[in-house]
Amino acid sequence: MKITVNHQPLDVSPHRPLIESLRAAGYDVPSMCYAADRRHQPSCMVCMVKDVHTGQMIPSCSTLPREGMEIETDTEEVLGMRRQALELLLSDHRADCEAPCTIVCPRGIDVARVLLHYDRGELSAAAAVLGDTSCDGCKAPCERACRRRTVDEAVSIRSLLDEVRRDGLEVKGERLEVRAKAGAANNSNPSPLTPNLSPHPSPLTPNPKSDLFCSRLGRFTDAEKERMKQLFTQPSRCLHCACEGSGKCILRSLATNAGIRTPKYGVQSSLPVKERIEVTERLVYEPAKCIRCGLCVYNTDDGFTFERRGFDMRVVIPEESKSHVSDEVARLCPTGALFSVKS
């Protein structure tokens, strides 16, 4: 079967989704809700192309080609519509791609990673991240940017970094117990919403580059602030707002490629910020980062499911269904909403 793509003839199979034929021919067509050979439903519209004969924008992930079809994939109109689709998805995505403290550090220190190791009691690993950097003479912009500051008081980042430099090298790789000041009750009965303090390290993204898209958590409600105070009582008091799944986030990559640096419409999601659900020992789900593409729903049997309808629809995982979810499902998630903490 022959179709025309950007004024060029192309032989395609009538039984193959248009997106696959376009990609095989070298055309760059992005997608969020589609994964080859997996069940899906078109929802994101990031893969849209234009059917010149009808004048319609169509989802290439679910469209089969027709004889004589004429397609446009890279016009300003198509690219603009894809960008708008991304902007709408981003308004439902509540997350910090990178921690503000790391972004503003003038010495290029990955502060978020240091504090994560610190709260796990891994002082030698924290010291290794710091290397030979110094905070001498620094006016601590990290503490002014700290999200904990909007809850009560900023994390004492500079003093914690000094402690790591002083004590971390003496540990020689041995794992320390989490500091007693975290509270015996919190350590003996951890909440599923607290940061991951398991022995499975989760790599964070390296220091961000200025040209990368970076989403924001947005303002916390009063109720969220109170919840933060109760949940984040580990040694550093850090909210660990950097996304542990940002390294594989297709949404961030596409936003960057589209020239988006900050969300156009702000954060519209009403989902609880920093809600952290342990699906399996190594699989974590954060609903506020979910764009409701449905890949985890359609590709698990009696696992993830949709709850409610319309704008209030959300993806949930019933407690009794967690055992039906494999770690491999995390590879389908196009954001950092579902990620593996497997080392």
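Okay, here's what the table says:
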{"quantity": "Residue list for segment 26-52, restricted to those being modelled with pLDDT of 95 or more and more than 20 Å from residue 253 (Cβ to Cβ)", "calculated": "50, 51, 52"}
{"quantity": "Per-region count, segment 30-53, residues surrounded by fewer than 22 Cβ atoms within 10 Å (Cβ to Cβ) and among the hydrophobic types (A, V, I, L, M, F, W, C)", "calculated": "4"}
{"quantity": "Condition check for residue 308: modelled with pLDDT under 90 and either surrounded by fewer than 17 Cβ atoms within 10 Å (Cβ to Cβ) or in the same structural domain as residue 31 (by TED's automatic domain parsing) (or both)", "calculated": "yes"}
{"quantity": "Exclusive hit being crowded, with 22+ Cβ neighbours inside 10 Å and not hydrophobic (A, V, I, L, M, F, W, C), set 335, 280, 300", "calculated": "335"}
{"quantity": "Some residue of segment 247-256 being at pLDDT 90 or above, of a type in the set (Gly, Ala, Ser), surrounded by 18 or more Cβ atoms within 10 Å (Cβ to Cβ) and not assigned by TED's automatic domain parsing to the domain that holds residue 107", "calculated": "yes"}
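The values are calculated or read from the model by the stated rules, or taken from the named source; none is laboratory data. Since this is a predicted model, take the numbers as computed values, not measurements. Cβ atoms come from the backbone with ideal geometry, glycine included; neighbour counts cover every protein chain shown.
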